[in-house]
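The values are calculated or read from the model by the stated rules, or taken from the named source; none is laboratory data. The model shown is predicted, which means the values in this text are computed figures rather than measured ones. As a convention, Cβ positions derive from the backbone with ideal geometry for all residues, glycine included, and neighbour counts pool all protein chains shown.
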Amino acid sequence: MVQINDLSFAYSKQGGLFDGFSLELTAGNIYGLLGQNGAGKSTLLKMISGLLAPKSGEIRISGKHSHERDPKLLQEIFLVPEEIYVPTMTSEQYEKYYSVFYPRFDQQSFQAYLQAFEVPVDKMLTQLSLGQKKKFLLAFGLATDTHLLVLDEPTNGLDIPSKSTFRKIVANAIHEERTFIVSTHQVKDIENLIDPILIMDSGKVVFNHTYEEISEALAFQRLKHLPAATELVYSEESFGTHFVVSRNTGQESHPNLELLFNAVINDSAKMDRAFEKLGQL
Ligand SMILES: Nc1ncnc2c1ncn2[C@@H]1O[C@H](COP(=O)(O)OP(=O)(O)OP(=O)(O)O)[C@@H](O)[C@H]1O
């Protein structure tokens with residue numbers, strides 16, 4: 001669905017952010033894109049959405065170059081950015097003006113999402129609170145039924161009940177022709193929603209695995225004593241308890257995304273070796 005080949009990109013002449021970057025995303029998945037501040041997530045999402053052009057290499061969405069901004073392609077891409085801008089109009093006016101760009105826009109779903117998110121529809125969009133604006137645009141984006149939906153920090157600013165509503169709506173809105181990319185620092189908000197997990201570091205994808213692969217390769221435990229060094233991939237200590245990522249030797253495993261993230265950022269090569277071993281079994 002999304003095919004990125006040998007991409008390079010730089011904001012300035014001094015240093016490139018992406019160099020020889022390749023990635024393939026397949027439809028039917030909700031990709032979780034994680035990475036430290038400045039890793040390049042938002043830049044990547046803007047390039048995928050056609051808002052920034054690569055210096056070299058290519059990004060194809062369903063076979064078409066995203067930066068060419070072909071109208072036929074743009075009607076299949078919706079980006080909910082981290083910083084929300086809304087025009088001075090009502091929800092009804094927004095729907096009327098913008099839904100025409102999306103041929104499969106589902107008005108009923110849009111209204112249902114607005115209701116589920118408890119977004120007031122009688123106010124001007126500019127009068128909504130930060131979280132309400134975000135929920136408005138999420139509702140609209142989900143209702144477009146675009147093949148590609150890109151959500152940059154979607155749960156930022158959402159209250160606790162809205163986060164749970166968000167998870168339910170997103171899980172229902174995905175289907176085999178849609179691809180969602182969710183970039184977030186709030187992994188706990190969407191832990192059971194995103195799969196596969198992509199982790200970026202300094203303009204590179206250093207981790208790209210499904211939940212199933214992660215559970216098979218790794219065990220996540222709280223232990224009083226560290227396991228044998230041969231099995232240990234990563235550990236953190238807090239008040240005498242070790243939070244451990246180790247090679248899975250056959251136990252049932254429930255991935256802890258925060259611990260996984262720290263383990264990958266700490267030593268991605270060590271993590272790669274844990275997955276290589278899995279491939280050899
Ligand atoms: N408009 C810009 N001009 C110059 N440099 C930029 C610009 N936008 C981002 N950068 C730089 O590019 C790098 C990647 O930024 P980006 O916003 O893609 O990271 P991110 O992973 O989304 O970070 P965060 O988690 O903080 O949102 C950073 O070093 C940032 O300073």
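Listing for the model above:
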quantity	calculated
Members of the range 8-39 found to be closer than 26 Å to Leu257 by Cα, more than 11 Å from the ligand (Cβ to nearest atom) and either at pLDDT below 90 or assigned to a loop (DSSP other than H, G, I, E, B) (or both), listed by number	Thr26, Ala27, Gly28, Asn29
Matching residues, the range 64-93, being β-branched (Val, Ile, Thr) and more than 16 Å from the ligand (Cβ to nearest atom)	Ile77, Val86, Thr88, Thr90
Helices (runs of 4 or more DSSP H) lying entirely in the range 163-281 (those with 3 or more residues that are in contact (Cβ under 8 Å) with a residue 60 or more places away in the chain and closer than 29 Å to His147 by Cβ)	257-266
Residue in the range 40-50 that is at negative phi, more than 7 Å from the ligand (Cβ to nearest atom), part of a strand (DSSP E or B) and assigned by TED's automatic domain parsing to the domain that holds Asp152 present	no
Checklist (1) buried (at least 18 other Cβ atoms within 10 Å of the Cβ); (2) more than 16 Å from the ligand (Cβ to nearest atom); (3) within 19 Å of Leu79 (Cα to Cα); (4) of a type in the set (Gly, Ala, Ser) applied to Ala171, failing item	(1)
So Ile61, is it more than 14 Å from the chain's Cα centre (by Cα), closer than 25 Å to Glu83 by Cβ, surrounded by 20 or more Cβ atoms within 10 Å (Cβ to Cβ) and away from the ligand (no atom under 13 Å from the Cβ)	yes
